[in-house]
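Q: Following this message is one structure expressed as structure tokens.
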Amino acid sequence: MKKLKKFVLNDAKVLSRDELALVEGSICIDAVDNCTESTIGKACILSTSYDGTHSTVTLGTCMVKYTQVGSRILYDAFCG
């Protein structure tokens, strides 16, 4: 039988969010919920659903569609 080493809580280091994610085997994704002209190319939340047991988040990418009306250029930002 192996003898356990003494564990001193005062010597414990608090893990950062990224370090904790590595230990737990999870990932952290930053995604916007409202696309704008300045968030083009960023991850966004396309949809969410819940089946009574599990939540599902579908990710997309922020995109912008430009249209010209006369001399004005309008944009429509969306998650696709």
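Q: Between V57 and V23, what is the FRET efficiency for a Förster distance of 25 Å, r being their Cβ-Cβ separation, to the nearest 0.05?
A: Rounded to the nearest 0.05, the efficiency is 0.65.
Q: Given a 1.4 Å probe and the protein chains all in place, what does the accessible area of K65 round to, in Å² to the nearest 10?
A: Rounded to the nearest 10, that gives 120 Å².
Q: Could you tell me the accessible area of T53 in Å² (1.4 Å probe, neighbours in place), rounded to the nearest ten?
A: Approximately 100 Å² of T53 is accessible to the 1.4 Å probe.
Q: Tell me which residues come under 5 Å, amide H to amide H, from L46 once H is placed; ignore anything under 5 positions away on its chain.
A: T58, L59, G60
Q: Further question on the same structure: Near A77, within a Cβ-to-Cβ distance under 9 Å, what is the net charge of the other residues, with Lys and Arg +1 and Asp and Glu -1?
A: The answer is -1.
The values are calculated or read from the model by the stated rules, or taken from the named source; none is laboratory data. Since this is a predicted model, take the numbers as computed values, not measurements. Cβ atoms come from the backbone with ideal geometry, glycine included; neighbour counts cover every protein chain shown. Areas reflect the complete protein model, heavy atoms only, side chains present, ligands, DNA and RNA absent. Shrake-Rupley method; radii C 1.70, N 1.55, O 1.52, S 1.80 Å.
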